[in-house]
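Undergrad: There's a structure below that I have some questions on.
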Ligand SMILES: [Zn+2]
């Protein structure tokens, strides 16, 4: 089963902890931030604590186009 990038509609691996593709993630947050988010989310998932509030912690609020998880 696959899910789709919330920005461009590209297929995203269901294994992936994020709902958007790498390309969009990097264009929205920049590569460094994107990698940090990925890492945070993977850590959260590993802890069995993939809570929305935890996931978006540290994400800049100016990303108004971001629809959330
Ligand atoms: Zn995309």
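The values are calculated or read from the model by the stated rules, or taken from the named source; none is laboratory data. The shown structure was predicted, so the numbers you read here are calculated from the model rather than taken from an experiment. Here the Cβ is made from the backbone with ideal geometry for all residues, glycine too, and neighbour counts use every protein chain on show.
Undergrad: Tally the residues that are more than 12 Å from the chain's Cα centre (by Cα) and at pLDDT 90 or above, restricting the search to the range 5-26.
TA: 4
Undergrad: Hey, could you check the range 27-57 for residues that are loosely packed, with under 11 Cβ neighbours inside 10 Å and modelled with pLDDT of 55 or more and say which is farthest from residue 17 (Cα to Cα)?
TA: The residue in question is 32.
Undergrad: Of all residues in the range 10-26, how many are more than 7 Å from the ligand (Cβ to nearest atom) and either free of Cβ contacts under 8 Å to residues at least 12 places away in the same chain or surrounded by 15 or more Cβ atoms within 10 Å (Cβ to Cβ) (or both)? Walk me through how you get there before you give the answer.
TA: As a first pass, look at the range 10-26 and keep what is more than 7 Å from the ligand (Cβ to nearest atom): 11-19, 22, 25-26.
Those still in the list that are either free of Cβ contacts under 8 Å to residues at least 12 places away in the same chain or surrounded by 15 or more Cβ atoms within 10 Å (Cβ to Cβ) (or both) too: 11-13, 15-19, 22, 25-26.
Going through the range 10-26 one residue at a time, the tally reaches 11.
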